[in-house]
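> Would you mind keeping the following structure in view while I ask a few things?
What follows draws every value from the coordinates through simple rules; no lab data is involved. In this text, all values refer to a predicted model and were calculated from it rather than measured experimentally. FYI the Cβ positions are ideal-geometry reconstructions off the backbone, even for glycines, and counts take in every protein chain you see.
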Amino acid sequence: MTAALTTLPTAFEAVKVDYSAVAPMLVVVAAALIGVLVEAFAPRTQRHAIQVGLALVALVASFAVLVLVSVDHRTVTVGGSLAIDGPALFLQGTLLIFAILGVLTMSERFGGRSADAFTPMGAATPGSPAESAADRAGFATSEAFPLTMFAVFGMLMFVAANDLITMFVALEVLSLPLYVLTGLARRRRLLSQEASLKYFLLGAFSSAFFLFGAALLYGYAGSSDLVRIAQAISTADGAYEGLLLPGVVLVLIGLLFKVGAVPFHSWTPDAYQGAPTPVTGFMAAATKLAAFGAILRLAYVGVEGSRLEWRLGVAAIAVLTMVVGAVLSVTQTDIKRLLAYSSIAHAGFILVGVLAFDVTGVTGVMFYLAAYGLATIAAFAIVFLVRSGGSEATHLSQWAGLGRKHPVIAGIFALLLLAFAGIPLTSGFTAKFAAFAPAISHGGLAGIIMVVVGVLASAVTAFVYFRLIVLMYFTEPTGDDVVALTPSIASTIAITVGALGTVILGVIPGPILDLAGRVSQFIQ
Amino acid sequence: MSGLPLLTLMLVVPLVGAAVIWLLPNASSRLSKPIALGVSLLTLALALLAWARFDSGSSDRYQLTETHSWIPQFGVSYALGVDGIALSLIVMAAILTPICLLAAWNDLGEDADPKREKTYFALMLVLLTFMVGVFAARDVFLFYVFFEAMLIPVYFLIGLFGGPRRQYAAVKFILFSLVGGLIMLVAVIALYFQGPGGEQGFLYEALEGAVGGSTATQRWLFLGFFIAFAIKAPMWPVHTWLPDAASESRPATAVLLVGVLDKVGTFGMLRFCLGFFPEASKWATPVVLTLAVISVIYGALLAIGSRDIMRLIAFTSISHFGFIVMGIFAMTTTAGGGSALYMINHGFSTAGLFLLAGFLISRHGSQRIADYGGWQRVTPVLAGTFLVSGLSSLALPGLSSYVSEFLVLAGTFQRYKWVAAIATIGIVLAALYILLTYQRVFTGPRPEFAADRTPRDLGVREKVVVAPIIASFLLLGFFPKPVLDLVNPAVEQTLKIVGVTDPAPSHPTNVATGSDK
């Protein structure tokens, strides 16, 4: 322990901060704080407009700062706890785009006074007089937008966290708002609250794993800094060797929970189903991206030196994730749960790319995350539009014949499903190729086995998606009360961007692949 | 080559046509048929122009080439180019598409939903693009893209416009194809890393004869490709999707599916399996030939036992695909050239059978053979043309399939005498299934119809559909030289890569030129 203690500074010193590098995060967190003030002081009738406008302006500004300023400030800053390097910038930029699209879908009002997705009063007992009174009085949970901004801030920090403590703080900052958002659905309140509670309990549990693992790694390396941990592994003297593997495993469990890898996936279907649908889309795309960003950094910067000890275990998790996600998606009857299980399977596919341990693997994973996120946000935005008698028609049987009644909506959804299935000329195919190719070339036999399992799992999930297409196009509509609402401009933009991105990343993926390839080197 | 990028044009023209049809206002959906036909004829003209530009004497294997960088990060180029085999298949696809469009003219009835009508004909044109693309690709990745993408229009053509069990058939079709395709995807990715790599590492020229890796790796890669192609072709025991898909789809779809798309399987075996993995191909030959012979016999037996006329034709195709695969893996120039020719001939004879069966079914509304009998007395022209198509299918001398079947058997006999001997049983069985079907459907006493419901014989449109098909039987039967001249150099080049020479001839090997028959 003495060796560890000597590495600590003797007194607290103010750390140097490269403000240009972290400016995108500051913009977002500032907007979140202002959003809280808006909630306190702005008149109720104007809050929705102010909050949405504020969030969008901040996100766009943050993106602009990122692209114009931060790209030239690739550095490790804030005392080594944040690494603003290529992967961090790419993932942050993608996150901001997801956040913009997410806020656009969350702002959907369908002509009402407040966001259609959110309950007028989260604290009211479902079905109680207080709830209906709140609705009549024009209450609205417009705090959903600042909450989202806090989550985005946490995510931006998560993908750049170069230190286990920072990573943990980021994890909590991104998770807590999401737990709350999950419980705010306007309809099926009980389901939403149940989902929120489950998500919170299991999330807290996984945070504990992460923290315990971080503590063990600190004990091993004498520092929570990923670079120091890497140095400790490379100069291993065997003193605390017993702490390393348990530490890595526990930290990985905490992170794998967030991406929904089997066997840490059980929250996914419930949370996806219960959360307000636009939140589900945002959460599915952005949380997955942020968590994989953290996994990449941990695996490639921090504990790569010991990868032979844990790689096989994670490979087993990847295989399990693909198989379980694919097989269970076959039995789903609710579209949100179906997409949840499909997201589990996708997490497995992405893990295959992570385990390649090569820069091309980083490229592939980042491309996959971008492609998957765009398609996912658009898909959930469409799910949000399909209604039956005022509530969302999420049962699969209600989607029968949708292609006849709403050819455009169903057509875009079919396109997104084809992308999920990995059909060529969609982003899904390029992404799978980008993630699987490094696994074959650098992953050895385990990599090839994972890819074979991956393509077979893809075939299973493809069956699910094609069955859905069959349902939309080849089946006669059952009830006439299922309609797709006309989206507002905001939702239309989100869906259009998602669909266009899906096509562009499928047909001309060159530029984005090139970009991802150029920035896939971590600062060590 | 100079001037027009012909192959790209052939990809773009049908696609533009499809877009135009889709964008038609519903009120003028009637126009979708003539537009589709016109576009397909324009594509045919381009295909013939490509044929005219193609120089089969040239030492360049791939001609009419176009190469542009597409995804350099993956080593992918947008590269087109054809050898003789690919060109002949493209021309066949371009000839069959207008024929099929014309045959499908009234598929949807007079008062069809305008949206459905537009979708039907637009999908056919999209399919034409993918059919051209899959044969014209000169980059493995691009090939794979077309290989998978062409499933989508077929899926919708079966699923939206097929028979009563269309959903089952469509899903079965797509699942079989996807499983094969995804296994192939693994092999495609791995192939790149065994090849020379680089920004054009997926080009055929870069890979042919240049795939490295251990013997075991090559064999695995071979299997990855072969399984996909065997499903596509289809061979026993992965053929079960074909009868369902063919019997549940419209005759025109069935023609394009069985006649053209399934050729991708045999085409791929010849080009990829033999061209990229020569050693592994030799290693696998005994098994492949066994499967091929089983397909020949088993397909024929199933055809004889079939009660449904569309399924019957599908089963005959399985038998014929067995012959084609046999010819490819016999690895003699005679058999290889025969197989390449067989692909063309089979396309036309299957088209004849499917379309005429379709005309028959449209008159009586049943696919069951037992529901017919004596129709020769009602529809003599239909009966006669069906018989000719059937005779071509059973390889009657003078009709096209005879030449190719003979070449395949003779070429196989040079190296594998027993295989060829057993496969000849398939010819006997072919006579059975064709003639028995003709007997059951067309001979016998004249069936009774209500006075005003007597079926009419082939109309003008239907005759126009059948005429070019029958003409192809005779033309390719008596004068196969142009096509053989086109395909033989490509076959020879492939076999040179494989590194086999024909067994010492006990008779002249120039049988393959075909001119002396």
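> Read phi for every residue in segment B:338-352 and hand back ³J(HN,Hα) as whole Hz from Karplus 6.51 cos²θ - 1.76 cosθ + 1.60, θ = phi - 60°, with x for Gly and Pro.
For segment B:338-352, the Karplus curve yields x, 5, 4, 5, 4, 4, 5, 4, 4, x, 6, 5, 5, 4, x Hz.
> Run down the aspartates and glutamates and flag those whose C-alpha is under 19 Å from the C-alpha of B:K417, throwing out any fewer than 8 positions away in its chain.
Straight-distance partners of B:K417: B:E405, B:D502.
> Mind giving me the FRET efficiency for A:L33 and A:H395? R0 is 45 Å, r the Cβ-Cβ distance, nearest 0.05 is fine. Numbers along the way, then the final one.
Numbers: r = 41 Å, r/R0 = 0.90.
For R0 = 45 Å, the calculated efficiency reads 0.65.
> Only Lys, Arg, Asp and Glu count, each charged at its Cβ (+1, +1, -1, -1), so figure out the dipole size of chain A about its Cα centre, rounded to 20 debye. Intermediate results must be reported in sequence, preceding the final value.
Working: 26 positive and 26 negative charges, 185 e Å.
Result for chain A is approximately 900 debye, rounded to the nearest 20.
> Sticking with this structure for a sec: I want to make sure I understand the PRE zone here: with the label point 7 angstrom from the Cα of A:R44 toward its beta carbon, which residues in segment A:120-149 have backbone N atoms less than 15 Å away?
A:120-124, A:130-143
> Okay, moving on. Any idea how far apart B:K463 and B:A45 come out in nm if each label point goes 7 Å out from Cα toward Cβ?
That separation, rounded to one decimal, is 2.6 nm.
> When the helix-only estimate is applied to chain B (DSSP H runs of n ≥ 4, each -39,500 (n - 2.57), divided by the residue count), what is the mean residue ellipticity at 222 nm, nearest 500 deg cm²/dmol? If you can, show how the numbers build up before the last one.
Working: 20 runs with 348 residues, N = 517.
The helix-only estimate for chain B comes to -22500 deg cm²/dmol at 222 nm.
> If I take every Cα pair under 8 Å that is 6 or more residues apart in chain B, average their sequence separation and divide by the length, what percent do I get for the relative contact order? Please report the intermediate quantities before stating the final value.
Details: 913 pairs, mean separation 78.4, N = 517.
Computed over chain B, the figure is 15 percent.
> Given R₀ = 25 Å, what would the calculated FRET efficiency be for A:E241 paired with A:I165, taking r from the Cβ atoms and rounding to 0.05? Kindly include the intermediate steps, with their values, before the conclusion.
Values: r = 23 Å, r/R0 = 0.91.
With R0 = 25 Å, the Cβ-Cβ based efficiency is 0.65.
> Starting from the Cα gyration tensor of chain B, take the square roots of the eigenvalues, sort them a ≥ b ≥ c, and report rounded, prolate or oblate (rounded when a/c is under 1.5, otherwise prolate if a/b is larger than b/c, else oblate).
Values: a/c = 1.70, a/b = 1.26, b/c = 1.35.
Oblate shape, in that a/c is at least 1.5 and b/c is the bigger or equal ratio.
> Give me the mean projected area, in nm² to one decimal, of the convex hull enclosing the Cα positions of segment A:41-122. Each step should come with its number before you reach the end.
Values: hull surface 29.6 nm².
Result: a mean projected hull area of 7.4 nm².
> Which value, in debye to the nearest 20, describes the size of the charge dipole of chain B about its Cα centre when Lys and Arg Cβ atoms bear +1, Asp and Glu Cβ atoms bear -1, and nothing else is charged? Don't skip to the answer; put the middle values down first.
Working: 33 positive and 29 negative charges, 205 e Å.
Approximately 980 debye in magnitude.
> Let me see the P(r) profile for segment B:277-517: every Cα-Cα distance counted, bins of 10 Å, each bin given as a percent of all pairs.
Distribution as computed: 8, 31, 31, 18, 9, 3, 0 percent.
> Right, here's the next one. For segment B:339-445, what relative contact order do you get, as a whole percent, if you take Cα pairs closer than 8 Å and at least 6 residues apart?
Relative contact order comes out at 39 percent.
> Sorted by packing (mean other beta-carbon atoms within 10 Å per residue), highest first, where do A:213-220, A:74-81, A:320-327 land?
With the highest mean Cβ count within 10 Å placed first, the list reads A:320-327, A:213-220, A:74-81.
> How big, on average over all directions, is the shadow cast by the Cα convex hull of the protein assembly as shown, in nm²? Mind dumping the intermediate values first?
On the way: hull surface 178.5 nm².
Mean shadow area of the hull around the Cα atoms is 44.6 nm².
> So how far, in whole Å, is the C-alpha centre of segment B:132-164 from the one of segment A:360-432?
For segment B:132-164 versus segment A:360-432, the Cα centre distance is 21 Å.
> For the pairs B:K232/B:K282; B:K172/B:K463; A:K432/B:K33; A:K16/A:K432; A:K336/B:K232, note any where the Cα-Cα span goes beyond 32 Å. Numbers along the way, then the final one.
Details: B:K232/B:K282 21 Å; B:K172/B:K463 34 Å; A:K432/B:K33 38 Å; A:K16/A:K432 40 Å; A:K336/B:K232 34 Å.
Correct reply: B:K172/B:K463; A:K432/B:K33; A:K16/A:K432; A:K336/B:K232.
> Given the -39500 (n - 2.57) contribution per DSSP H run of 4+ residues, what per-residue ellipticity at 222 nm results for chain A, rounded to the nearest 500 deg cm²/dmol?
Values: 21 runs with 370 residues, N = 524.
Rounded to the nearest 500, the figure is -24000 deg cm²/dmol.
> How large is ³J(HN,Hα) for each residue in segment B:383-392, as worked out from phi by the Karplus curve 6.51 cos²θ - 1.76 cosθ + 1.60 (θ = phi - 60°), to whole Hz, x for Gly and Pro?
4, x, 5, 4, 4, 4, 4, x, 5, 5
> Taking each residue in A:506-514, count the Cβ atoms of any other chain within 10 Å of its Cβ, then average. What number comes out?
3
> What are the ³J(HN,Hα) values, in whole Hz, obtained from phi via the Karplus relation 6.51 cos²θ - 1.76 cosθ + 1.60 with θ = phi - 60°, for each residue of segment A:252-261 in sequence order, with x given for Gly and Pro?
3J(HN,Hα) across segment A:252-261, in whole Hz: 5, 4, x, 7, 5, 4, 5, 7, x, 7.
> OK, next. Once you keep just the Cα pairs under 8 angstrom separated by 6 or more residues, what percentage relative contact order results for chain A? Display every interim value, and only then the final one.
On the way: 976 pairs, mean separation 83.2, N = 524.
Relative contact order for chain A comes out at 16 percent.
> Straight-line reach only, C-alpha to C-alpha below 19 angstrom: list the aspartates and glutamates that A:K405 could link to, leaving out same-chain residues fewer than 8 apart.
Answer for A:K405, where 19 Å is the Cα cut-off: A:E392, A:E476, A:D480, A:D481, B:D113, B:E117, listed by chain and number.
> To the nearest 20 debye, what is the magnitude of the charge dipole of segment B:277-517 about its Cα centre, counting +1 on the Cβ of each Lys and Arg and -1 on the Cβ of each Asp and Glu?
Working: 17 positive and 12 negative charges, 89 e Å.
Around 420 debye, computed over segment B:277-517.
> Cα gyration tensor of segment B:386-477, axes a ≥ b ≥ c as square roots of the eigenvalues: rounded (a/c below 1.5), prolate (a/b > b/c) or oblate?
On the way: a/c = 5.35, a/b = 1.92, b/c = 2.78.
Here segment B:386-477 falls in the oblate category.
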